[in-house]
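The values are calculated or read from the model by the stated rules, or taken from the named source; none is laboratory data. Quantities reported herein were computed from a predicted structural model and do not represent experimental measurements. All Cβ positions, glycine included, derive from the backbone under ideal geometry; neighbour counts span all protein chains shown. With ligands, DNA and RNA removed, areas are computed over all heavy atoms of the protein, side chains included. Shrake-Rupley method; radii C 1.70, N 1.55, O 1.52, S 1.80 Å.
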Amino acid sequence: CFGTSILTDSDSFQEVVVKIERRTYNKPFLGGFRNMSTGVEFHNAGSQTKPKKRPDKGLQLFCKETQTVVEKNKQQQTSNTTSTQMTKIGLYVSNMTDKLITPGKYFTAEEYHKRRLEAVIVLQKYFRRWHAINLVQNLMEQRRLRLAREAQEEVQKKREKEEKLRREYEKKLNPKTKEDFELLFHDLESWMQEETERINRTLTGAERKAALCALLEEETELIACIGMHKLNANVENQQKAILHLLGKCAQPRRWKAFDGKITEMDTQNTLRGKELLEIYRSITTKDIPKDERISVLLTLKCTVKEHECKLTQEIVALIDREVDLMSREVKECNLEGLRKRICTLFLQYIKIPEFNPEVAGLLKVPQDPLKLYKNVYFCHSCENYLPSTEFPIPANSRTIGRCRSCCQVDNEARKREAYLKYRLILENLRKSEVDYQDDTKIVFLVQVPDIKYLIENIWNSQSALSACSDLYELIMVRWDTQHEWSPWNTILLTKEEADAHLKLCDLQKAYEAPFIYKINQKHIRAKNYFSQFPAMSSFLHRSNNQANANSYKNQ
């Protein structure tokens, strides 16, 4: 602070105290000048005195309201001064580049805008014509592609159907698997029922009895013929199973590296398996020269002599006997029994883990007898002790029942039903449920008889939408994809319909109310049937709780 005197009147001065507030920040540079003679620099400085605070009179003197300016746009034509030069005395202006302008027909602004509108309409007309032509051509091209795709799909379906019929005919002509013989017996039963119905409808009395007896004899001959085919197929399947087992023993270790490449490694056990596989293939080969046969037998003899036991001694004795008979020029047909014995004993040799360590993990019967007591059950029909995998246990079963072989024999003798179509539907259903990865369980509890009842009694063996009755074209999918599959959350559709159904987000908007009511009635029937099964009761209670929770949320 410092004091200063100010002049108040013409003669009087008043002392005033001036307070200086020093700021902590640096003041900005406001320019200056330098004395040229002395070299001293002078900077401009600025100061601000604190304004005097005005007393509050209790009235609002200032406000924050602003006044906007009303603007107005107005076009103006400014003047542009021009001049022309004409020919005159003392000045010549050339007219070679002049143009003769004659006034045309005068038209008003309305006529001008009308011409512009007509021109715009013409342009729009041609553009719309061009756009319509392009649109129609695109629609025609899309229609052509769609018809071509539909025709191709129709041809593909027809080809697949013909191929399926051809495969079925081939299976019935040369049956190999259990499913093939199942279809064969089913066709035999269908033929028997048709013939019996025809005889009962057309014949009476003694003629009817004679026709039924002839039909029975013909059925017996057909069953005997099917039995011969089954024996031959069993021999072929047994040989394939043996080669498959030996192929697994000879398969090298495989694993995937970090770069995605597959690495294979042969161990001592796999090399031993390959050696035994080659020997077995050699001794089972027919119609080979005598010298090659003797060489194969000597190789087998050297292989089994590595281990001394009663089995190997018997194999060596049989090999020596065959070599001796071959040296005596014995016919090939008389050596078949001896060669079969050698193959059988050598197969027993291969299945012993001491001689073939790789086979230990592939045998159905474990080497440790204590493991047999856990999953072995007794079949009261064939009176054999079998593993649990040999017993088909439906969802409504309370006991173990008969084994698969006994069920198959009973089916061939009595009902002769074909379960192949239902088995395919169940396999496709399980594959699709695994893809959801939501820990579904009910689909693995349901067996083929349960699927058969569900399709025949609940869904009437036809699609819910198109009423297609070809079971090869039908699959089962979830009705509501948000919940796991169950007999009360399913629908039977064709493959194309199922693909479209699984893409739906809201079933209430996609389907009409009568159709949804019909599906719900089928679900209630399925729920009432499967609620009797002990294995399904817990899942049924859980689905009821979910339904109650959803209804509570909707309210």
Which listed residue is open to solvent by 90 Å² or more (accessible area, probe 1.4 Å), of a type in the set (Phe, Trp, Tyr) and either modelled with pLDDT of 90 or more or closer than 30 Å to Val409 by Cα (or both), from Phe127, Phe185: Phe127
Number of the condition not met by Arg416 [criteria: (1) touching a residue at least 24 places away in the same chain (Cβ under 8 Å); (2) open to solvent by 20 Å² or more (accessible area, probe 1.4 Å); (3) in a loop (DSSP other than H, G, I, E, B)]: (2)
Exactly one of Leu188, Leu271 is over 21 Å from Ala418 (Cβ atoms), of a type outside the set (Val, Ile, Thr) and assigned to a helix (DSSP H, G or I), and that residue is Leu271
Checked Lys452, Lys509 against criteria (open to solvent by 40 Å² or more (accessible area, probe 1.4 Å) and assigned to a helix (DSSP H, G or I)); the one match is Lys509
So which residues in region 249-265 are open to solvent by less than 70 Å² (accessible area, probe 1.4 Å) and over 28 Å from Ile342 (Cβ atoms)? Pro252, Ala257, Gly260, Thr263
As an exercise: evaluate Asp438 against (1) open to solvent by 70 Å² or more (accessible area, probe 1.4 Å); (2) over 25 Å from Arg525 (Cβ atoms); (3) in the same structural domain as Leu471 (by the TED database); (4) modelled with pLDDT under 85 and give the number of the one condition it does not meet. (1)
Residue in region 282-305 that is most open to solvent (accessible area, probe 1.4 Å), counting only those that are closer than 15 Å to Ile350 by Cβ and in contact (Cβ under 8 Å) with a residue 24 or more places away in the chain: Thr284
Pairs, first among the polar types (S, T, N, Q) in region 490-511, second open to solvent by 60 Å² or more (accessible area, probe 1.4 Å), C-beta under 9 Å, six or more apart: Thr494/Leu465; Thr494/Ser466; Thr494/Glu473
Of Leu139, Leu165, Leu173, Leu145, which residue is open to solvent by 80 Å² or more (accessible area, probe 1.4 Å), under 29 Å from Ala418 (Cβ atoms), aliphatic (A, V, I, L, M) and within 33 Å of the chain's Cα centre (by Cα)? Leu165
Hey, can you tell me all the residues within region 282-298 that are assigned to a helix (DSSP H, G or I) and closer than 13 Å to Arg339 by Cα? Ser282, Ile283, Thr284, Arg293, Ile294, Val296, Leu297
Contact list please: Cβ distance under 7 Å, first residue in region 421-450 and closer than 16 Å to Glu179 by Cα, second residue open to solvent by 40 Å² or more (accessible area, probe 1.4 Å) and assigned to a helix (DSSP H, G or I), pairs at least six apart or on different chains. Lys421/Tyr472; Val448/Arg423
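Results for (1) touching a residue at least 24 places away in the same chain (Cβ under 8 Å); (2) open to solvent by 80 Å² or more (accessible area, probe 1.4 Å); (3) charged (D, E, K, R); (4) touching a Lys or Arg at 6+ places or on another chain (Cβ under 7 Å), shown as yes or no for each residue.
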| site | (1), (2), (3), (4) |
| --- | --- |
| Thr267 | no, no, no, yes |
| Leu276 | yes, no, no, no |
| Asp320 | no, no, yes, no |
| Lys331 | no, yes, yes, no |
Determine, yes or no, whether Lys431 is under 25 Å from Glu163 (Cα atoms) and either in contact with a strand residue (DSSP E or B) (Cβ under 8 Å, 6 or more places away or on another chain) or open to solvent by less than 10 Å² (accessible area, probe 1.4 Å) (or both). no
